[in-house]
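Chemist: Before anything else, here's the structure in question.
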Amino acid sequence: MTRIDTKFAELAKAERTAFVSFIMAGDPSPQMSADVLRGLPAAGVDIIEIGMPFTDPMADGPAIQLAGQRALEAGMTLDKTLAMVREFRTGDNTTPIVLMGYYNPIFSKGVDLFLAEASEAGADGLIIVDLPPEEDSELCLPAQEAGLNFIRLATPTTDDKRLPKVLQNTSGFVYYVSITGITGSAEASAASVGPEIARIQAQTDLPVCVGFGIKTPEAAAEMAKVADGVVVGSAIVERMARGDSAEQVLAFVAELAAGAHG
Amino acid sequence: MTSHAPNSYSAGPDAQGRFGQFGGRFVSETLMPLILDLEAEYEKAKTDPTFWAQMDDLWKHYVGRPSPLYFAERLTEKFGGAKVYLKRDELNHTGAHKINNVLGQILLARRMGKKRIIAETGAGQHGVATATVCARFGLECIVFMGATDVERQKPNVFRMNLLGAKVIPVTSGRGTLKDAMNEALRDWVTNVDDTFYCIGTVAGPHPYPAMVRDFQSIIGKEVKEQIMEREGRLPDSLVACIGGGSNAMGLFFPFLDDEDVRIIGVEAGGHGVDDRMEHAASLTGGRPGVLHGNRTYLLQDDDGQILEGHSISAGLDYPGIGPEHSWLNDIGRVEYVSATDREALDAFQMCCVTEGIIPALEPSHALAHVAKLAPTLPSDHLLVMNMCGRGDKDIFTVAEALGENI
């Protein structure tokens, strides 16, 4: 059981939808992102996704691309991201943390070393955008052995024939990408996403969270009706970009969380 | 297509799209079903004689193939060593080897019923070739080009516009080829139903590296026939420049199993291959990593962040290289060297006045190495260099480098 599994068990008992928020490690500065990170659980965040900045985020829209650039310019590295998780864990030992990003910085560090340090730092799961099931031996299987969840993306192009392959080595939860496109783009409607979530739920016992393009508390509330969890990233990152203080960002996160929790 | 013997250098990639540890399919889930479709369609086309008949017809009548294998008499005299032949792929329609591959991919797109074609381009040669073939077949064409490159390659941008293509300047990252490729992938993820991504080099997720190589292999196949006709034997060495590496792969591939043929790839050494990292020599100055769908040698920092690289030639200015080259490097079948901006400029000028051929800056790198190598070889040594593009597009860059105002 990871903290993710424990959290979903608690939420299921309370009949609550999970609210999952994304911030980029080191954006706009290591200090500011650490301040926001520390405040997320009190703002109502059930699961925290922390972006590991990368120069070439090919699945991300402008908001998260720029967040990564700001973080890299501020000197963020993979090791500093892990240090940020370690620091967070000194004050919070229950809120699950999922590290999200691209494979190259992990491959560059060395898979075994990364997994050992990520576990030790207190991360619970990984979402690595450019590792489909076809490349499971690279990181997915070693991660599961190291006790980390490997959370897979399912998308509108994942048809019924392919879905079992996508679900096979997934753990923690399934992240349903509500649109064909990049992060922070057009919003999908709960009406169109609902049947897709149901299609996935029919083939797995894992919780299904939905993300990409959810920007407001209202949209979060709508999506919460059809999914086990709602993910918001770009909308929060945009608040960081425009220079909001940590308090202002956390107030917005609290509105989103209230929306998702109903 | 010929069938490959086991243990052959030309048997790759395997079913997972790997050449040794290199290659693979490192893409987001949204794209996986698309590249699996493409692979299935390509496998069908590969063994379909009507597909190749169509390719041969277009290669002959539209592109102007076969391109000549030219004995460069005056360069040979100048070097005073090996007998130097130039494979004249710069005489192709659109002025470079790029169109060999574009034709294949566009015919595939038509078989798959795709109506919207996207491409990335650096110097603009692949963009121009894609715009050309799309015009020929009445397809919508969108070319992603780094904003920096749009600025330094204006004539090619105008050419693409004349051909009816839409050029989208990419401002993300630093606005060069790698950012253009990121943006093309983002477009593809967004427009999955009607769009075909026409990649310009032997990189990207499987099946692109193998597919682009197969389409470009026409270069090496022709060289084999032409040199047998001229000299009655195979060449002793082959030389080609490498950015992503498609012209080189096209020349090299049919010769990989001819172990007596020495094969040399020339990367862009920029200001010199050292720890300033002001070059684009992924093999001589990089290490393995994962980018744009494949594992290959990359220019990267200690944290695994991708570096920009530098070359005077926009077409070689890419921080990666095709995965098959990475494999050929590691097993030692192909030698990889580099030539600097300065050396390429010198070779460019020498070629103009010695052979009456204005080469592109890309093959000028290959020629710079030939200039070093040929004098050390005996006069019965047959050396074939791929003249993969013409230099009309580069005259402004060269003028600037020489301090001339035109």
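Chemist: Would it be correct to say that A:D56 is in contact with a Phe, Trp or Tyr (Cβ under 8 Å, 6 or more places away or on another chain) and within 17 Å of A:V129 (Cβ to Cβ)?
Modeler: In short, yes.
Chemist: I need a count of the residues in the stretch B:104-129 that are under 18 Å from B:V202 (Cβ atoms) and without any contact (Cβ under 8 Å) to a residue 24 or more places away in the chain.
Modeler: Residues in the stretch B:104-129 being under 18 Å from B:V202 (Cβ atoms) and without any contact (Cβ under 8 Å) to a residue 24 or more places away in the chain: 0 in total.
Chemist: Then there's this: Among B:A248, B:A240, which is the only one that is under 14 Å from the mean Cα position of the chain (by Cα), away from chain A (no Cβ under 14 Å) and assigned to a strand (DSSP E or B)?
Modeler: Values: B:A248 fails: assigned to a strand (DSSP E or B).
So the residue among B:A248, B:A240 that is under 14 Å from the mean Cα position of the chain (by Cα), away from chain A (no Cβ under 14 Å) and assigned to a strand (DSSP E or B) is B:A240.
Chemist: Do you know which of the residues in the stretch A:186-201 that are under 18 Å from B:V192 (Cα atoms) and surrounded by 19 or more Cβ atoms within 10 Å (Cβ to Cβ) is farthest from the other protein chains (Cβ to nearest Cβ)? Break it down into steps so the answer makes sense when it comes.
Modeler: As a first pass, look at the stretch A:186-201 and keep what is under 18 Å from B:V192 (Cα atoms): A:186-188, A:192-193, A:196.
Applying the additional criterion that residues be surrounded by 19 or more Cβ atoms within 10 Å (Cβ to Cβ) yields A:188, A:193, A:196.
On the way: A:A188: 13, A:V193: 15, A:E196: 13 Å.
This residue is A:V193.
Chemist: Turning to a different aspect of this structure: Can you pull out the strands (runs of 3 or more DSSP E) entirely within the stretch B:291-405 that have at least 3 residues that are within 14 Å of chain A (Cβ to nearest Cβ)? Steps first, answer last, please.
Modeler: Details: elements: B:293-298, B:335-339, B:382-386.
Correct list: B:293-298.
Chemist: Are any residues in the stretch A:143-165 within 12 Å of chain B (Cβ to nearest Cβ) and in contact with a Gly (Cβ under 8 Å, 6 or more places away or on another chain), and if so, which ones?
Modeler: Let us first name the residues in the stretch A:143-165 that are within 12 Å of chain B (Cβ to nearest Cβ), namely A:151-163, A:165.
A:I151, the sole residue that qualifies.
Chemist: Now a separate question. Filter the stretch B:255-285 down to the residues that are at negative phi, crowded, with 24+ Cβ neighbours inside 10 Å, part of a loop (DSSP other than H, G, I, E, B) and out of contact with any Leu (no Cβ under 7 Å at 6 or more places or on another chain) and list them by number.
Modeler: Across the stretch B:255-285, the qualifying residues are B:G269, B:H279, B:A281.
Chemist: Just one of (1) touching a residue at least 12 places away in the same chain (Cβ under 8 Å); (2) touching a strand residue (DSSP E or B) at 6+ places or on another chain (Cβ under 8 Å) trips up A:K109, so point out which.
Modeler: For A:K109, the failing item is (2).
Chemist: Just the residues that are modelled with pLDDT under 95 and within 14 Å of B:C141 (Cα to Cα), please, taken from the stretch B:76-127. Walk me through how you get there before you give the answer.
Modeler: Within the stretch B:76-127, the subset modelled with pLDDT under 95 is B:122-125.
Within the stretch B:76-127, B:G124 is the sole residue that qualifies.
Chemist: Another question about this same structure. Residue check: is A:G147 crowded, with 24+ Cβ neighbours inside 10 Å and of a type in the set (G, A, S)? Write out each step before concluding.
Modeler: Details: crowded, with 24+ Cβ neighbours inside 10 Å: no; of a type in the set (G, A, S): yes.
Considered against the rule, which asks whether it is crowded, with 24+ Cβ neighbours inside 10 Å and of a type in the set (G, A, S), A:G147 comes out as no.
Chemist: If you don't mind, there's one more thing I want to ask. What residue, of B:D380, B:D330, B:D303, B:D392, is in contact (Cβ under 8 Å) with a residue 12 or more places away in the chain, farther than 29 Å from B:D258 by Cα and not aliphatic (A, V, I, L, M)?
Modeler: Working: B:D380 fails: farther than 29 Å from B:D258 by Cα; B:D330 fails: farther than 29 Å from B:D258 by Cα; B:D303 fails: in contact (Cβ under 8 Å) with a residue 12 or more places away in the chain.
Result of the check over B:D380, B:D330, B:D303, B:D392: B:D392.
Condition check ((1) more than 16 Å from B:Q105 (Cα to Cα); (2) within 24 Å of the chain's Cα centre (by Cα); (3) not assigned by TED's automatic domain parsing to the domain that holds B:V189) across all residues:
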| residue | (1), (2), (3) |
| --- | --- |
| B:Y9 | yes, yes, yes |
| B:L31 | yes, yes, no |
| B:L38 | no, yes, no |
| B:E41 | no, yes, no |
| B:K46 | no, yes, no |
| B:L69 | yes, yes, yes |
| B:A72 | yes, yes, yes |
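Chemist: Quick one: count up the residues across the stretch A:166-183 that are of a type in the set (G, A, S) and within 11 Å of another protein chain (Cβ to nearest Cβ). Before the answer, list the steps.
Modeler: Here is the first cut: in the stretch A:166-183, the residues of a type in the set (G, A, S) are A:171-172, A:178, A:181.
From the residues that got through so far, the ones that are within 11 Å of another protein chain (Cβ to nearest Cβ) too are A:181.
The total comes to 1.
Chemist: Hey, another quick one. Which residue, of B:D37, B:D89, B:D48, B:D56, is within 14 Å of chain A (Cβ to nearest Cβ) and among the acidic types (D, E)?
Modeler: Numbers: B:D89 fails: within 14 Å of chain A (Cβ to nearest Cβ); B:D48 fails: within 14 Å of chain A (Cβ to nearest Cβ); B:D56 fails: within 14 Å of chain A (Cβ to nearest Cβ).
Exactly one residue qualifies, and that residue is B:D37.
Chemist: Here is a further query. Quick check on B:V398: is it under 12 Å from B:V84 (Cβ atoms), of a type in the set (V, I, T) and surrounded by 17 or more Cβ atoms within 10 Å (Cβ to Cβ)?
Modeler: Values: under 12 Å from B:V84 (Cβ atoms): no; of a type in the set (V, I, T): yes; surrounded by 17 or more Cβ atoms within 10 Å (Cβ to Cβ): yes.
The answer is no for B:V398.
Chemist: For the structure I just gave you, tell me whether B:I168 is surrounded by 23 or more Cβ atoms within 10 Å (Cβ to Cβ), assigned by TED's automatic domain parsing to the domain that holds B:L34 and either farther than 18 Å from B:G104 by Cβ or not polar (S, T, N, Q) (or both).
Modeler: Judged against the criteria, B:I168 is not a match.
Chemist: A follow-up question, please. Check the stretch A:20-33 and report whether any residue there is away from chain B (no Cβ under 13 Å), without any contact (Cβ under 8 Å) to a residue 12 or more places away in the chain and of a type in the set (S, T, N, Q). Give the derivation first.
Modeler: Restricting attention to the stretch A:20-33, the residues satisfying the condition of being away from chain B (no Cβ under 13 Å) are A:20-24, A:27-33.
Still in the running and without any contact (Cβ under 8 Å) to a residue 12 or more places away in the chain: A:31.
Those left that are additionally of a type in the set (S, T, N, Q): A:31.
Yes: one or more hits.
Chemist: Here's another thing I want to ask about it. Checking B:P288 against (1) within 14 Å of chain A (Cβ to nearest Cβ); (2) farther than 20 Å from B:T148 by Cβ; (3) touching a Leu at 6+ places or on another chain (Cβ under 8 Å); (4) surrounded by 20 or more Cβ atoms within 10 Å (Cβ to Cβ): exactly one of these is not met. Which one?
Modeler: Result: B:P288 passes all but (4).
Chemist: Same structure again: Can you confirm whether the stretch B:217-240 contains a residue that is touching a residue at least 24 places away in the same chain (Cβ under 8 Å), touching an Asp or Glu at 6+ places or on another chain (Cβ under 9 Å), over 20 Å from B:P68 (Cα atoms) and buried (at least 23 other Cβ atoms within 10 Å of the Cβ)?
Modeler: No - not one qualifying residue is present in the stretch B:217-240.
Chemist: Right, something else. Would you point out the residue of the stretch A:78-104, among those that are assigned to a helix (DSSP H, G or I) and more than 17 Å from the chain's Cα centre (by Cα), that is surrounded by the most Cβ atoms within 10 Å (Cβ to Cβ)? Steps first, answer last, please.
Modeler: Filtering the stretch A:78-104 for residues assigned to a helix (DSSP H, G or I) gives A:78-89, A:103-104.
Restricting the remaining residues to those that are more than 17 Å from the chain's Cα centre (by Cα) gives A:79-80, A:83, A:86-87, A:89, A:104.
Working: A:D79: 15, A:K80: 17, A:A83: 16, A:R86: 15, A:E87: 14, A:R89: 16, A:N104: 25.
Taking the candidates together, the pick is A:N104.
Chemist: Now for a separate question. With the structure loaded, tell me whether A:L37 is of a type in the set (A, V, I, L, M), touching a Phe, Trp or Tyr at 6+ places or on another chain (Cβ under 6 Å) and farther than 18 Å from B:I306 by Cα or whether it fails that test. I'd like the intermediate steps shown before the answer.
Modeler: Numbers: of a type in the set (A, V, I, L, M): yes; touching a Phe, Trp or Tyr at 6+ places or on another chain (Cβ under 6 Å): yes; farther than 18 Å from B:I306 by Cα: yes.
Judged against the criteria, A:L37 is a match.
Chemist: Another question, if that's okay. Quick one: which helices (runs of 4 or more DSSP H) lie wholly within the stretch B:143-217 and hold at least 2 residues that are closer than 21 Å to B:G322 by Cβ?
Modeler: Numbers: elements: B:147-152, B:154-162, B:177-190, B:208-216.
Output list reads B:177-190, B:208-216.
Chemist: Identify the residue in the stretch A:224-256 that is among the small types (G, A, S) and part of a loop (DSSP other than H, G, I, E, B) and, among all such residues, is surrounded by the fewest Cβ atoms within 10 Å (Cβ to Cβ). Break it down stepwise before answering.
Modeler: So the first thing to find is which residues in the stretch A:224-256 are among the small types (G, A, S), and the list is A:224, A:227, A:229, A:233-235, A:241, A:243, A:245-246, A:251, A:254.
Retained after the next criterion (residues that are part of a loop (DSSP other than H, G, I, E, B)): A:227, A:233, A:243, A:245.
Values: A:A227: 29, A:G233: 27, A:G243: 9, A:S245: 12.
Ranking the qualifying residues of the stretch A:224-256, first place goes to A:G243.
Chemist: Across the stretch A:189-213, which residue is farthest from A:L99 (Cα to Cα) among those that are under 18 Å from the mean Cα position of the chain (by Cα) and modelled with pLDDT under 95?
Modeler: Let us first name the residues in the stretch A:189-213 that are under 18 Å from the mean Cα position of the chain (by Cα), namely A:197, A:206-213.
So of that shortlist, the ones also modelled with pLDDT under 95 come out as A:211-213.
Numbers: A:G211: 15, A:F212: 16, A:G213: 19 Å.
The extreme case among them is A:G213.
Chemist: Residue check: is A:D124 over 20 Å from B:G289 (Cα atoms) and either within 14 Å of the chain's Cα centre (by Cα) or without any contact (Cβ under 8 Å) to a residue 24 or more places away in the chain (or both)? Give the steps one after another, and end with the answer.
Modeler: Numbers: over 20 Å from B:G289 (Cα atoms): yes; either within 14 Å of the chain's Cα centre (by Cα) or without any contact (Cβ under 8 Å) to a residue 24 or more places away in the chain (or both): yes.
Taking the combined requirement at face value, the residue satisfies it.
Chemist: Return only the number of the condition from (1) in the same structural domain as B:V370 (by TED's automatic domain parsing); (2) within 21 Å of B:L31 (Cβ to Cβ) that B:R186 does not satisfy.
Modeler: B:R186 satisfies all of (1) in the same structural domain as B:V370 (by TED's automatic domain parsing); (2) within 21 Å of B:L31 (Cβ to Cβ) except (1).
Chemist: Go through the stretch B:193-216 and count every residue that is without any contact (Cβ under 8 Å) to a residue 40 or more places away in the chain and either in contact with a Phe, Trp or Tyr (Cβ under 6 Å, 6 or more places away or on another chain) or under 24 Å from B:A368 (Cα atoms) (or both). Please lay out each step first, then the result.
Modeler: First, the residues of the stretch B:193-216 that are without any contact (Cβ under 8 Å) to a residue 40 or more places away in the chain: B:193.
Filter once more, so that each one left must be either in contact with a Phe, Trp or Tyr (Cβ under 6 Å, 6 or more places away or on another chain) or under 24 Å from B:A368 (Cα atoms) (or both): none.
Number satisfying all stated conditions: 0.
Chemist: Quick check: is even one residue across the stretch B:17-39 polar (S, T, N, Q), outside any loop (DSSP other than H, G, I, E, B) and either surrounded by fewer than 16 Cβ atoms within 10 Å (Cβ to Cβ) or at pLDDT 95 or above (or both)?
Modeler: Filtering the stretch B:17-39 down to residues polar (S, T, N, Q) leaves B:21, B:28, B:30.
Filter once more, keeping what is outside any loop (DSSP other than H, G, I, E, B): none.
No, the stretch B:17-39 contains no residue that is polar (S, T, N, Q), outside any loop (DSSP other than H, G, I, E, B) and either surrounded by fewer than 16 Cβ atoms within 10 Å (Cβ to Cβ) or at pLDDT 95 or above (or both).
The values are calculated or read from the model by the stated rules, or taken from the named source; none is laboratory data. These figures come from a predicted structure and were not determined experimentally. Here the Cβ is made from the backbone with ideal geometry for all residues, glycine too, and neighbour counts use every protein chain on show.
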